[in-house]
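Inspection log for the structure reproduced underneath, given as structure tokens.
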Amino acid sequence: MKEYDEIRSHLIAMLEELNLRLTSITNDIKHSDTPLEKDFAEQATQNENNEVVDYLGNSARTEIEMIKQAIAKIDNGHYGICQVCDKPINKERLKIMPYSTLCIKCASKKEH
Ligand SMILES: [Zn+2]
């Protein structure tokens with residue numbers, strides 16, 4: 001499993017960064033929990049910001065889950081295998097998207 005050591009430490013670094021990002025997003029939410037501004041325009045902006053914050057938080061959480069799964073797969077020896085066709089995922093692809101679970105063929109099929 002040594003061949004994935006580098007990717008594994010890369011994934012862990014990504015995980016730490018995402019956790020930090022998520023913490024700061026969550027702090028933003030807390031900050032915007034202060035009573036809404038009376039001015040309607042400002043209120044609308046604030047609601048929009050909350051939506052963006054929600055979106056960022058959700059996508060960070062999804063990414064964290066995918067990274068955790070990838071690390072678990074490295075640990076149990078299932079890493080780098082396409083979920084759909086069971087074929088090895090291209091190493092170059094794994095370098096760019098270390099937590100991808102589909103090979104290029106299946107990923108592009110899924111997109112179309
Ligand atoms: Zn595939």
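Take the Cβ-Cβ distance between His10 and Thr45 as r, set R0 to 30 Å, and report the resulting FRET efficiency rounded to the nearest 0.05.
Efficiency computed from Cβ-Cβ geometry: 0.20.
What are the residues whose amide H is under 5 Å from the amide H of Ile89, where those residues sit 5 or more places off or on another chain and H is modelled from the backbone?
For Ile89, the qualifying residues are Ile81, Cys82.
Under a crude label model (7 Å from the Cα following the beta-carbon direction), how far is Thr23 from Ala107 in nanometres?
It is 3.0 nm.
What is the count of Lys pairs in the chain whose alpha carbons sit under 24 Å apart, if the two are 8 or more places apart or on different chains?
So the count works out to 27.
Assuming 0.36 nm per residue, please report the length gained on full extension of the stretch Glu65 to Ile81 beyond their Cα-Cα distance.
Once the chain is fully extended between Glu65 and Ile81, it gains 4.0 nm.
Note down, for the chain, the three equivalent ellipsoid semi-axes (square root of 5 times each alpha carbon gyration tensor eigenvalue), biggest first, whole angstrom.
Sorted largest first and rounded, they come to 37, 17, 9 Å.
Read-outs throughout are calculated quantities, based only on the coordinates presented, and are distinct from any laboratory measurement. Predicted model only: the values in this text are computed from it and were never measured. Heads up, the Cβs are rebuilt from the backbone with ideal geometry, glycines too, and the neighbour counts pull from every protein chain shown.
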